[in-house]
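For reference, the structure is listed below as structure tokens.
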Amino acid sequence: MGFAVTLTMKRQSFALAHVLCTSLSVSVAPLPAQEFHETLTDTSTNTWLEDFSIDSGVGKTGDVAWSIRKYTLRGGKQAGVDVVEINNGKLRFTVVPTRGMNVHKLYCGDVRLGWNSPVTELVNPLFINPADRGGLGWLDGFNEWMTRCGYEFAGHPGEDDGKMLSLHGKASNLPASKVEVFLRNNRLHVRGRVEEKMFKFVNLEMVTDISTEIGSTSVRFDDTLTNRGSNPQEFEIIYHTNYGEPLLEKGSRFLAPTRSVTPFDERAVEELKDYRVYYAPTKGYGETVYCMELNAGADGRTTVMLQNADATRGVAMSYNVDSLPFFTLWKNTDVGEKGYVTGLEPGSGYPYNRSVERERGRVKKIAPGQARKFQVEVDVLMDAAAVKKTAAGIAGIQGSKKTRVNEQPEG
Amino acid sequence: MGFAVTLTMKRQSFALAHVLCTSLSVSVAPLPAQEFHETLTDTSTNTWLEDFSIDSGVGKTGDVAWSIRKYTLRGGKQAGVDVVEINNGKLRFTVVPTRGMNVHKLYCGDVRLGWNSPVTELVNPLFINPADRGGLGWLDGFNEWMTRCGYEFAGHPGEDDGKMLSLHGKASNLPASKVEVFLRNNRLHVRGRVEEKMFKFVNLEMVTDISTEIGSTSVRFDDTLTNRGSNPQEFEIIYHTNYGEPLLEKGSRFLAPTRSVTPFDERAVEELKDYRVYYAPTKGYGETVYCMELNAGADGRTTVMLQNADATRGVAMSYNVDSLPFFTLWKNTDVGEKGYVTGLEPGSGYPYNRSVERERGRVKKIAPGQARKFQVEVDVLMDAAAVKKTAAGIAGIQGSKKTRVNEQPEG
Amino acid sequence: MGFAVTLTMKRQSFALAHVLCTSLSVSVAPLPAQEFHETLTDTSTNTWLEDFSIDSGVGKTGDVAWSIRKYTLRGGKQAGVDVVEINNGKLRFTVVPTRGMNVHKLYCGDVRLGWNSPVTELVNPLFINPADRGGLGWLDGFNEWMTRCGYEFAGHPGEDDGKMLSLHGKASNLPASKVEVFLRNNRLHVRGRVEEKMFKFVNLEMVTDISTEIGSTSVRFDDTLTNRGSNPQEFEIIYHTNYGEPLLEKGSRFLAPTRSVTPFDERAVEELKDYRVYYAPTKGYGETVYCMELNAGADGRTTVMLQNADATRGVAMSYNVDSLPFFTLWKNTDVGEKGYVTGLEPGSGYPYNRSVERERGRVKKIAPGQARKFQVEVDVLMDAAAVKKTAAGIAGIQGSKKTRVNEQPEG
């Protein structure tokens, strides 16, 4: 496929011997898709583009009008936050490199993946003190669709090995040290490297490649977590994806090929029988959380789905269960600042404190120089047929296998 | 009133589909005063003006030369701090949107409202760790005339309900999410919205309107604190206004129509008899604090005054006692980094830890969707006549009512 | 000496009445060396140069080609960090004003002063939470050659007087409030003022003058720590200089005129006999630390040296023992993120927690208005002759004095 590319950027790049600042606005001739590649940030070369945009130059042609736009937020608690907007012509989403390569919101037709947090700004991690409010400071910036949890630890705050761990680790509050955008094989990519490094303690690198095929309704996360350290490194990872309206409403349902389901705590026990269905916004609901093991198909992959009440819209998430063996369903159907939101959360474990997770054998290690790969694909389901097809796929994975329903929490 | 307006600005405004950066320097024809309105910051539209200035264009005419100037501080711990300077032709002051709409210093003739802190930079909240030094980190940035305390909590650090509260809350260390400047009815306004929001916990919005009539010697705070959450929300608010030289000196006096006065602690008991007079800077003085309830006039308003030794200069603060029923007098007449400063502090309560304040019935709640309004007017008194007149007004409110002097602290 | 000066800068300077932004690129006629002086940052006048460079304009002449270049890092955790590169024509190093005037790395020929930390970015202090991981958050940014420790406290984290002290104090995480570069008497200078100030508690100013003679192989730190407060002020200071390859290798040696040596802890006892020699990188080594008192020459100065295995390269550090009476040798010859690095650390004390240091009489006070001066000179030794000469100098200071070797740690 060839197309005209319109590109504008304002570059800041520094090396020992020179300082270069340019602002470009270029419209180039049609190019093969795979030739486009731009580095937005690279701290090793002190490269940082304040503004950048590229698009398919479409309008006059019959091609799909895609675009990528990078800019920096200003003012308030969002000052200095870099965002990258990707529009594949069909869906669009916003990656936030400054917040650990989280994805803020995804729009596709009348569907939004995301939710309404009382926190509306994309909060610069500099404004977050994770230790605040007994280790819950992470919630000061919690409002994205895809929020990263990890990587040295995730889950609930509390003491582990004599040190206080804060909620869900540092992943969301680490700015990416390298950010690239490129187009290859008809897919738009945003790739970022996030470093969780501390002398004596940890040397983890997460490289996330977020990509989408032009004109498609899906986005894929290809993530690689590497232990650059010299010792085996514990890790935890949770893909904390959060959904409010329009997919979440009274009568919405959660579907998954479920091997086992266990209430997270006593509160969840009360509503165990309804764990797959959602209530209307309910004042004082709080939250119920269910811990699951999922079945996989012959290819090792599983699929979960959230569908709206009349099964005409939905979202499917597919991933390998060997790398993400545990799944957490967070049902927070409250109101206002308490949130009407549900989390579909594939993970290396459940969101108990790491000390609990370790005790229960869910904290794994990565050998020195080794890596773990995670691939999560998200499909927006735009009509009843797509929802039905996904449900059939989930049923196919489950087959005749029974779901073990544990009536009580672990431990 | 018509006047020539000179306006310069450098705008950064972003929307999904466009990036706009402009730097303007405009001199427009005389306009009716009420037509001027500019948004300096609005995170919801990613608007932020790095520089902005407007003035009356006066010099050639007989009009009053007023001006507003916005710029951003650079370097050291003040890097990135936005300030807005307002000059009404008679007095001038500096609002600090990045520090919760605090007001740094106010100058009027030879009077300064403000004090000399060892901290001389306007410290970016990012450099403040409120938890530092046992919850006293707030003091790392304490140097303004009008420092905001609140809004979920204020007062002394310490545990409340199992969580550590830090000194005087977050209000001063929250950057405004929206900032506007405008002129209406011959008054210059700076209006800012500060958000204290956290998923699950709090959704408070403070909109402060700081205004001054052109050519006058007074400034007014019209503040509205709204609970955007879905549950009743506790709040605390203290207007921590701080005065050093020239109003504070040996023999300066504090006047107020006082219903009751109570020493804050044992230290304050020692000097109870002298609570209304000030000493010279005294090494090792530390601080004495007095808790007061004030009488109000028929309009529900009270007035307090600080006057210099020979009663030729002063400052008066007037406000509604129904919204700010408690007043704290902080006398910190020490030297050097210990500070020679007094605080005149109308509040919703006293600066004890919230756990103490709640126990004593001074922590109120705002219903969901409801708001509390606070109006504080500050007048600079430029001569003996103005001081005398204010003293007479205070005496008038007090009338024949007796002041109850409690010899011991509460509790 | 006269030379052509090439100067470029982008200035941001603000005053009450005007805003001035200029970008200059100037090539001036030969000037006497002492006439060059530029202020890069001064928060008291809101001066900050985003970019600045000056050089000797040499190439055509036989003069030494020196240069100074200031720029700001962008992206990742280094966003907003100012750096000043000094090249004296023979050696070059990078001062980091935003990180307390630390020096990142120094290069001279094939010698590097510095080490390989897993942390590769120059981390903005805003990303550091010193309280993290039980007070070890300082390690999140630890990667420089010359890292400042102090000044109210230094050393190990832990409680002192009811407050938690974090590792090595605040010095490295305080941005300089004033930064100047100048040339005087054939020496290039970077001078910075770092303020450690907090209302009620502390008012310390460190002015560091880092200078190097054009064409030389040495750099000198002339530091003045002033107590601007009104009360005697405790202080601690450690010059934490860190060396990895190429000076550190199997068989490298540490030399010093040693009055006494004491293992820091039980781990150090094990290898006491080898305290002066270094091992190859050793997995699981951890660290051994030795506390020393050094002898001085008639001029009150002492010299320590780290030399490579075949004594052909080295570094010498010379300083006054009256101002820095204690020396710590930190041997951390581990691998990977655990570090292969040794610290040569002249100090006012040892790196125990301040509570321990005070008990053992090593925490001194500065009287109000008084200052302490510290002068540390660092020479890069580029050949066997220089190493030999330095060793002879050290032997000369030691003379026939015996070294007292304590077999057990203090206390």
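The residue list C:Phe93, C:Phe153, C:Phe127 contains one member that is within 28 Å of A:Glu152 (Cα to Cα) and surrounded by 20 or more Cβ atoms within 10 Å (Cβ to Cβ), which is C:Phe127. Of all residues in the stretch B:271-302, those satisfying the criterion of being within 25 Å of the chain's Cα centre (by Cα) and among the polar types (S, T, N, Q) are B:Thr288, B:Asn295, B:Thr302.
Just to verify a result, which residue in the stretch B:193-206, among those that are in a strand (DSSP E or B) and in contact with a Leu (Cβ under 8 Å, 6 or more places away or on another chain), is farthest from A:Asn143 (Cα to Cα)? Across the stretch B:193-206, the extreme among qualifying residues is B:Met206. Tell me which residues, restricted to the stretch B:270-284, are among the aromatic types (Phe, Trp, Tyr) and more than 18 Å from B:Asp310 (Cβ to Cβ). The answer is B:Tyr275, and nothing else. Looking at the structure I just gave you, is C:Leu174 touching a strand residue (DSSP E or B) at 6+ places or on another chain (Cβ under 8 Å) and farther than 28 Å from C:Cys108 by Cβ? Considered against the rule, which asks whether it is touching a strand residue (DSSP E or B) at 6+ places or on another chain (Cβ under 8 Å) and farther than 28 Å from C:Cys108 by Cβ, C:Leu174 comes out as yes. Candidates B:Ala311, B:Ala367: the one that is over 21 Å from B:Asn116 (Cβ atoms) and in contact with a helix residue (DSSP H, G or I) (Cβ under 6 Å, 6 or more places away or on another chain) is B:Ala311. Taking the stretch B:353-362 as the range and being crowded, with 18+ Cβ neighbours inside 10 Å and in contact with a Phe, Trp or Tyr (Cβ under 8 Å, 6 or more places away or on another chain) as the test, the residues that pass are B:Arg354, B:Glu357, B:Arg362.
Among strands (runs of 3 or more DSSP E) entirely within the stretch A:73-156, having at least 1 residues that are facing chain B (nearest Cβ under 9 Å) and farther than 27 Å from A:Val202 by Cβ singles out A:82-87, A:91-96. Check the stretch A:167-175 and report whether any residue there is facing another protein chain (nearest Cβ under 8 Å) and either surrounded by 21 or more Cβ atoms within 10 Å (Cβ to Cβ) or among the hydrophobic types (A, V, I, L, M, F, W, C) (or both). Yes, because at least one residue in the stretch A:167-175 is facing another protein chain (nearest Cβ under 8 Å) and either surrounded by 21 or more Cβ atoms within 10 Å (Cβ to Cβ) or among the hydrophobic types (A, V, I, L, M, F, W, C) (or both).
I'd like the full set of residues that are in a loop (DSSP other than H, G, I, E, B) and either at negative phi or within 14 Å of chain C (Cβ to nearest Cβ) (or both), limited to the stretch B:295-308. The answer is B:Asn295, B:Ala296, B:Gly297, B:Ala298, B:Asp299, B:Asn308. Output the number of residues of the stretch C:327-343 satisfying the condition of being surrounded by fewer than 23 Cβ atoms within 10 Å (Cβ to Cβ) and outside any strand (DSSP E or B). Residues flagged as surrounded by fewer than 23 Cβ atoms within 10 Å (Cβ to Cβ) and outside any strand (DSSP E or B) within the stretch C:327-343 amount to 3. Looking at the stretch A:10-19, is at least one residue at pLDDT 50 or above and more than 20 Å from A:Met101 (Cα to Cα)? Among the residues of the stretch A:10-19, at least one is at pLDDT 50 or above and more than 20 Å from A:Met101 (Cα to Cα), which makes the answer yes. Answer yes or no as to whether C:Met292 is free of Cβ contacts under 8 Å to residues at least 60 places away in the same chain and not in a loop (DSSP other than H, G, I, E, B). Yes, satisfied.
Just so you know, in the stretch B:176-203 the residues that are among the β-branched types (Val, Ile, Thr) and within 14 Å of another protein chain (Cβ to nearest Cβ) include one that is farthest from B:Pro368 (Cα to Cα), and it is B:Val179. Residue check: B:Cys149 meets all listed conditions (1) within 18 Å of the chain's Cα centre (by Cα); (2) under 30 Å from A:Tyr340 (Cβ atoms); (3) touching a residue at least 60 places away in the same chain (Cβ under 8 Å) but one, namely (2). Considered as a group, the residues in the stretch C:299-326 that are among the β-branched types (Val, Ile, Thr) and closer than 17 Å to C:Gln398 by Cβ include one that is surrounded by the most Cβ atoms within 10 Å (Cβ to Cβ), and that residue is C:Thr302.
Residues in the stretch C:224-236 that are surrounded by fewer than 23 Cβ atoms within 10 Å (Cβ to Cβ) and either of a type in the set (Phe, Trp, Tyr) or assigned to a strand (DSSP E or B) (or both): C:Thr224, C:Thr226, C:Glu234. The single condition among (1) under 20 Å from B:Thr147 (Cα atoms); (2) surrounded by fewer than 21 Cβ atoms within 10 Å (Cβ to Cβ) that B:Glu213 does not satisfy is (1). Evaluated against (1) over 21 Å from C:Asp379 (Cα atoms); (2) surrounded by fewer than 19 Cβ atoms within 10 Å (Cβ to Cβ); (3) acidic (Asp, Glu), C:Glu287 falls short on exactly one condition, (2). Among the residues of the stretch C:346-398, those that are of a type in the set (D, E, K, R) and either in a helix (DSSP H, G or I) or without any contact (Cβ under 8 Å) to a residue 24 or more places away in the chain (or both) comprise C:Arg354, C:Glu357, C:Arg358, C:Glu359, C:Lys388, C:Lys389.
Within the stretch B:314-336, residues that are away from chain C (no Cβ under 14 Å) and at pLDDT below 95 reach no partner that is assigned to a strand (DSSP E or B) and surrounded by fewer than 23 Cβ atoms within 10 Å (Cβ to Cβ) with beta carbons closer than 8 Å at six or more positions or on different chains.
Which one of A:Leu136, A:Leu49, A:Leu113 is farther than 18 Å from A:His189 by Cβ and crowded, with 23+ Cβ neighbours inside 10 Å?
Matching residue, one of A:Leu136, A:Leu49, A:Leu113: A:Leu113.
Filtering the stretch A:320-332 for residues that are of a type in the set (A, V, I, L, M, F, W, C) and over 20 Å from A:Met146 (Cα atoms) leaves an empty set.
Would you check if there is a residue in the stretch C:156-175 being free of Cβ contacts under 8 Å to residues at least 12 places away in the same chain, closer than 30 Å to A:Lys163 by Cα and not small (Gly, Ala, Ser)? Yes: the stretch C:156-175 contains one or more residues that are free of Cβ contacts under 8 Å to residues at least 12 places away in the same chain, closer than 30 Å to A:Lys163 by Cα and not small (Gly, Ala, Ser). Being farther than 28 Å from A:Phe201 by Cβ, in a loop (DSSP other than H, G, I, E, B) and out of contact with any Asp or Glu (no Cβ under 6 Å at 6 or more places or on another chain) holds for only one residue in C:Ala311, C:Ala280, and it is C:Ala311.
The values are calculated or read from the model by the stated rules, or taken from the named source; none is laboratory data. Computed from a predicted structure; not experimentally measured. Neighbour counts are summed over all protein chains in view; Cβ atoms, including those assigned to glycine, are modelled from backbone coordinates with ideal geometry.
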